[in-house]
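Undergrad: Have a look at the structure that comes next, please.
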Amino acid sequence: MAKKPQLIPNATWGIPIRTTFRAALALLIAILLISAVYFTQNRAAQVLENYSTGGGGGGGGGCDLFTGKWVFDNESYPLYKERECVFMSDQLACEKFGREDLGYRNWRWQPDECELPKFNATAVLERLRNKRMVFVGDSLNRGQWVSMVCLVGSVIPRALQSMQSNGSLMTFKATEYNASIEFYWSPLMVESNSDDPVNHRLPDRIVRVKAIEKHAKHWADAHILVFNTYLWWRIPKIKALFGSFEDSETSKLKVVKMRRGYEMALRTWADWMEVNINPNNTQVLFMSMSPIHDRGEEWGQNKGQNCYGETEQIAEVGYRGNGTDPKMMKIVETVLAELKTRGLNVEMINITQLTEYRKEAHPSIYRKQWEALKPHQISNPSSYADCIHWCLPGVPDVWNELLYAYIFHPTNPSNQSLN
């Protein structure tokens with residue numbers, strides 16, 4: 001009986017088959033990686049195609065990002081862990097200094113008409129590759145800068161992030177991206193006797209309302225600029241210096257009302273920006289005023305109480321405390337509108353109303369500034385509670401989510417040169 005022919009495996013067949021399989025697998029992985037990078041870089045723009053964030057509050061038939069409500073979300077928030085942020089500030093690290101009620105971390109801002117895009121730290125870093133992003137202003141803007149550092153730092157190995165401090169300028173570096181996220185201390189925007197980043201608590205505040213170059217040279221070549229100035233102007237009158245601090249004989253000192261000084265300073269800033277900032281290279285944003293919660297009687301508490309011990313938000317829709325000055329906000333809007341007619345579009349991010357509700361999110365006594373509070377200060381929160389700044393993680397992270405929406409807004413011409 002004839003035997004059936006047997007198929008004897010040819011050892012040489014297996015080599016090209018395995019090689020082909022491995023090559024196909026490698027190609028597939030490469031395609032997936034390229035697709036992932038492409039998706040990360042373009043996700044924000046795709047999400048925001050139908051948004052209209054420009055102007056004071058959206059409009060134009062698009063989404064108003066600033067009108068909405070806070071929604072409790074303990075699955076997605078906080079966006080990072082306080083203890084894992086390498087460069088967390090002790091002034092804002094509320095859990096570290098004893099705060100036990102941590103619910104303030106778990107709130108998401110929900111616009112009425114759309115979804116606020118989820119912050120993508122990798123996309124921000126890619127946008128900032130070989131570029132500078134500079135926050136300019138007071139300690140509230142510094143808090144937002146710390147928030148941004150914590151947000152992007154959460155996706156960077158510790159060995160690939162660094163911090164340098166040089167006087168008024170603090171620089172966070174993401175080494176792998178050659179990206180800088182910086183903060184420049186300039187609380188009154190123009191020059192003043194409060195410009196020292198450490199020794200600036202002076203009883204007699206003086207501003208050179210016509211002088212800004214000393215500060216501006218530090219942010220002149222940035223690709224994204226985020227400004228604020230408000231907190232340090234909260235006094236009835238201020239001394240305006242026309243001349244220089246060094247030449248007292250020829251300089252003139254004039255006492256002006258706060259809003260008048262504020263307007264002069266902003267116009268000095270606007271004049272410098274018009275001449276020195278190229279809108280094709282730099283995107284400019286201005287944060288509106290951050291509310292304070294130091295008068296509990298404004299939301300129904302007894303006189304003398306403040307944000308200390310608060311664990312719930314203000315429920316009244318449209319609530320506004322006396323610490324918020326709409327006339328100052330109008331000055332900013334007017335200056336920015338005029339600047340736009342002169343060729344530079346500076347967009348205001350209106351954080352004021354949504355932040356008004358968050359009386360429970362301040363550090364109060366759970367913080368350290370220069371040195372920790374002493375026992376007698378902790379026992380007297382009516383005098384020593386910080387109801388101006390914000391715990392992190394917390395409210396400034398949402399400010400940065402709004403900033404993120406603006407940075408990736410597809411209709412903003414200044415974004416084209418940042419890609």
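Undergrad: Give a residue-ordered list of calculated ³J(HN,Hα) values for segment 115-122 (Karplus: 6.51 cos²θ - 1.76 cosθ + 1.60, θ = phi - 60°; whole Hz; x for Gly, Pro).
TA: Taking θ as phi minus 60°, the curve returns 9, 6, x, 6, 5, 10, 4, 5 Hz for segment 115-122.
Undergrad: Shifting gears a bit: Using 0.36 nm per residue, how much length does the chain from Lys254 to Arg320 gain when fully extended, once their Cα-Cα distance is taken away?
TA: 20.5 nm
Undergrad: Over all distinct Cα pairs, what is the inverse of the mean 1/r for segment 187-342, reported as the Kirkwood hydrodynamic radius in Å?
TA: Kirkwood hydrodynamic radius for segment 187-342: 17.7 Å.
Undergrad: Over segment 58-159, what relative contact order in percent results from Cα pairs under 8 Å that are six or more residues apart?
TA: Rounded, it is 38 percent for segment 58-159.
Undergrad: Which value, in Å³ per residue, describes the convex hull spanned by the Cα atoms of segment 333-410?
TA: Normalising the Cα hull of segment 333-410 by residue number yields 143 Å³.
Undergrad: Would you mind checking Lys257/Lys374; Lys252/Lys303; Lys96/Lys303 for any pair whose Cα atoms are more than 32 angstrom apart?
TA: Lys257/Lys374; Lys252/Lys303
Undergrad: Distance check, please: which entries in Lys214/Lys327; Lys81/Lys217; Lys214/Lys254; Lys237/Lys368 exceed 25 angstrom between their Cα atoms?
TA: Lys214/Lys327; Lys81/Lys217; Lys237/Lys368
Undergrad: Could you pull the accessible area for Met273 with a 1.4 Å probe, rounded to 10 Å²?
TA: The value for Met273 is about 0 Å².
Undergrad: What value does segment 256-348 have for Rg/Rh, both radii from Cα atoms and Rh as Kirkwood defines it?
TA: 1.12
Undergrad: Tell me the label-point distance for the pair Gln377, Glu115, using the 7 Å Cα-to-Cβ offset, in nm and rounded to one decimal.
TA: Label at Gln377, label at Glu115, 4.4 nm between them.
Undergrad: Over segment 61-150, with every protein chain in place, what whole percent of the accessible area is carbon and sulfur at 1.4 Å, could you tell me?
TA: 43 percent
Undergrad: Order Thr352, Thr67 by their accessible area, 1.4 angstrom probe, all chains in place, largest first.
TA: Per-residue accessible area, sorted high to low, gives Thr67, Thr352.
Undergrad: How many times 2.2 N^0.38 Å is the alpha carbon radius of gyration of segment 161-201?
TA: Ratio of Rg to 2.2 N^0.38 Å for segment 161-201: 1.39.
Undergrad: Which sequence of Arg99, Arg201, Arg208 reflects their accessible areas, 1.4 Å probe, from the largest down?
TA: Of Arg99, Arg201, Arg208, the descending order of accessible area is Arg201, Arg208, Arg99.
Undergrad: For segment 135-144, take each phi angle, set θ = phi - 60°, evaluate the Karplus expression 6.51 cos²θ - 1.76 cosθ + 1.60, and give the result in whole Hz per residue in order, putting x for glycine and proline.
TA: 3J(HN,Hα) across segment 135-144, in whole Hz: 8, 10, x, 9, 5, 5, 5, 5, x, 5.
Undergrad: Right, another one. For segment 96-226, what's the relative contact order in percent, using C-alpha pairs closer than 8 Å and at least 6 residues apart?
TA: 26 percent
Undergrad: For segment 135-279, compute Rg over Rh where Rg is the Cα radius of gyration and Rh is the Kirkwood radius from the inverse mean 1/r over Cα pairs.
TA: Taking Rg over the Kirkwood Rh, I get 1.02.
Undergrad: Then there is this: Run the simple label-point estimate for Lys210 and Ser244 please: 7 Å along Cα→C-beta, distance reported in nm.
TA: 1.4 nm
Undergrad: Counting only C-alpha contacts under 8 Å and six or more residues apart, can you give the relative contact order of segment 236-331 as a whole percent?
TA: Contact order relative to length: 20 percent.
Undergrad: Going Cα to Cα from Lys330, which aspartates and glutamates come in below 16 Å? Please leave out same-chain ones fewer than 8 positions away.
TA: Answer for Lys330, where 16 Å is the Cα cut-off: Glu263, Glu338, Glu347, listed by chain and number.
The values are calculated or read from the model by the stated rules, or taken from the named source; none is laboratory data. Everything numeric in this text was worked out from a predicted model, so none of it was measured. Note that each Cβ is placed from the backbone with ideal geometry, even for glycine, and that neighbours are counted across all protein chains shown. Note: areas computed on protein heavy atoms with side chains; ligands, DNA, RNA excluded. Shrake-Rupley method; radii C 1.70, N 1.55, O 1.52, S 1.80 Å.
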